[in-house]
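All remarks here apply to the structure that follows.
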């Protein structure tokens, strides 16, 4: 299990006080199918496991509610079925006193009969990117998110399980010890 996990782990890069997290995954689904899963608010809500509102198109808006926590932003790039980029804004709160003003970018590249997905989360604070902000672990969270996307596309149950989630978090904590 650890070998498969290591192949799908993300990479964090810290430059001049800001950080970028990148993931690359191959999915055996068409770009159109993956595009629908990341842009259609009903599909997105099912695998993101939160309340979602998407107003598509350049200059549109995305809102995600994880219980009381609200993430929101303007859509910066909307190029079906290849590129989706939007702001990832979190207002100041306990554990994140300065909030967060980041960007999420999905790139879907045709690859044979499937799609290579590149997920980038950038302009993060170093503290947030490395999972040092209270309640935020974006590296392991984005990893789990991509796992749920894959399960959703295969119409499988989205429950990843607490043991696997603990293993994923443990592996990312080892990774960030060197940052």
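Residue 136 - would you say it is out of contact with any strand residue (DSSP E or B) (no Cβ under 8 Å at 6 or more places or on another chain), at pLDDT below 95, in a loop (DSSP other than H, G, I, E, B) and under 19 Å from residue 17 (Cβ atoms)?
no
Pairs please, first residue from the range 21-40 and surrounded by fewer than 15 Cβ atoms within 10 Å (Cβ to Cβ), second anywhere and in a loop (DSSP other than H, G, I, E, B), Cβ atoms under 8 Å, 6+ apart in sequence or on different chains.
Within 8 Å, the pairs are 28/113; 32/81.
Considering only residues that are without any contact (Cβ under 8 Å) to a residue 40 or more places away in the chain and within 15 Å of the chain's Cα centre (by Cα), look in the range 76-99 and name the one that is surrounded by the most Cβ atoms within 10 Å (Cβ to Cβ).
It comes out as 86.
Give the residue, chosen from 64, 49, that is within 14 Å of the chain's Cα centre (by Cα), within 26 Å of residue 155 (Cβ to Cβ) and surrounded by fewer than 18 Cβ atoms within 10 Å (Cβ to Cβ).
Testing whether each residue is within 14 Å of the chain's Cα centre (by Cα), within 26 Å of residue 155 (Cβ to Cβ) and surrounded by fewer than 18 Cβ atoms within 10 Å (Cβ to Cβ) leaves just 49.
Taking the stated definitions as given, is residue 153 modelled with pLDDT of 65 or more and in contact with a helix residue (DSSP H, G or I) (Cβ under 8 Å, 6 or more places away or on another chain)?
The answer is yes for residue 153.
Mind listing whichever residues of the range 101-114 are out of contact with any helix residue (DSSP H, G or I) (no Cβ under 6 Å at 6 or more places or on another chain) and either surrounded by 15 or more Cβ atoms within 10 Å (Cβ to Cβ) or part of a strand (DSSP E or B) (or both)?
101, 102, 103, 104, 105, 107, 109, 111, 114
The values are calculated or read from the model by the stated rules, or taken from the named source; none is laboratory data. Since the structure is predicted, the reported quantities are computational estimates derived from the model, not experimental observations. Quick reminder, even Gly has a Cβ in these numbers, built from the backbone with ideal geometry, and neighbours come from all protein chains shown.
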